[in-house]
Amino acid sequence: MQTPFVTCCNRSGRWKSRLYNMKKIKLSGRELAVLRAIDFGNGASGLEIEEKTRIVPEELVEVVNGLMEAGYIETNPPTQSVTLEALGSTQVEVNPGYAQELKVTIRRS
């Protein structure tokens with residue numbers, strides 16, 4: 001069970017937000033680059049991700065499929081895996097269930 005932001009007052013009387021019970025997500029450099037290239041609000045096409053990350057398309061397909069298997073990202077139209085031919089026309093979005101944890105992970109690195 002995940003608890004989102006909890007706002008509390010610390011000893012000095014200041015209000016601050018804390019994240020409790022958050023999973024620690026560990027990602028490789030290429031996975032972080034792909035997640036940074038995806039707009040968390042609107043998503044990004046495969047071509048946009050390729051342009052922003054400059055990762056070789058064959059490796060990009062592997063990274064995207066790995067993130068999909070972990071459940072961190074989703075594709076539109078929904079598919080089990082992305083192929084090299086379909087990468088350019090596929091819209092990639094961050095899974096809303098992992099959005100907060102992924103933002104924290106990106107900030108940490």
Treat the count of other C-beta atoms within 10 Å as a stand-in for reagent exposure and order I106, I49 from fewest to most.
I106, I49
Dipole of region 25-108, positive direction: furthest Cα of A33, G66, V82, with charges on the beta-carbon:
A33
The answer for I55, listing residues at least 5 apart or on another chain whose modeled amide H is closer than 5 Å to its amide H, is none
Would you mind getting me the FRET efficiency between E59 and S81? Use the beta-carbon distance for r and R0 = 22 Å, nearest 0.05.
0.90
Gain in length, A99 to I25, computed as 0.36 nm per residue apart minus the alpha-carbon separation, to one decimal in nm?
25.5 nm
Place a point 7 Å from the Cα of I106 along the Cα-to-Cβ direction; which residues of region 60-85 have their backbone N under 14 Å from it?
72-74
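Read-outs: derived from the displayed coordinates by stated rules, not from any lab. Note that the structure is predicted; figures quoted are calculated from it, not measured. In this analysis, Cβ positions are derived from the backbone assuming ideal geometry, glycine residues included, and neighbour counts consider all displayed protein chains.
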